[in-house]
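The values are calculated or read from the model by the stated rules, or taken from the named source; none is laboratory data. A quick note: this is a predicted structure, and the numbers were derived from the prediction, not measured. All Cβ positions, glycine included, derive from the backbone under ideal geometry; neighbour counts span all protein chains shown. Calculation scope for accessible area: heavy atoms of the full protein, side chains included, ligands and nucleic acids excluded. Shrake-Rupley method; radii C 1.70, N 1.55, O 1.52, S 1.80 Å.
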Amino acid sequence: MTETMVLEIIREAVDGEGGHPGRDELLQDLGVDSIAGFEIRLLIRERCGAQVSEEEFDGLRSVGDLLGLLRCGGDARRDGAALDA
């Protein structure tokens, strides 16, 4: 799984147009509500094979937080689907 894939998933879940969101952007500012959050977690699991629990996702504030979680910890690491640099 690459950072670009995750950014595309976020953009798709919030019906964004144009470029990818930046690492410093707050998920709330991008329009990530509970429904978009569920869709992001589902798409990450389907496309990348990584698991992000609802509790983990609810604790995230920014795009960079999600990328960090996928790179370094959480269930994503146990599934062998850590984020590629």
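Numbers below:
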| read-out | value |
| --- | --- |
| Region 1-45 - percent of accessible surface contributed by carbon and sulfur, probe 1.4 Å | 48 percent |
| Amide H partners (placed H, <5 Å) of residue 62, local residues excluded | 27 |
| For a label point 7 Å along the Cα-to-beta-carbon line of residue 4, residues of region 30-59 with backbone N under 19 Å | 44, 47-49 |
| Potential lengthening between residue 23 and residue 39 on full extension [0.36 nm per residue; Cα-Cα distance subtracted] | 3.9 nm |
| For region 1-64: Kirkwood Rh in Å [reciprocal of mean 1/r, alpha carbons] | 11.6 Å |
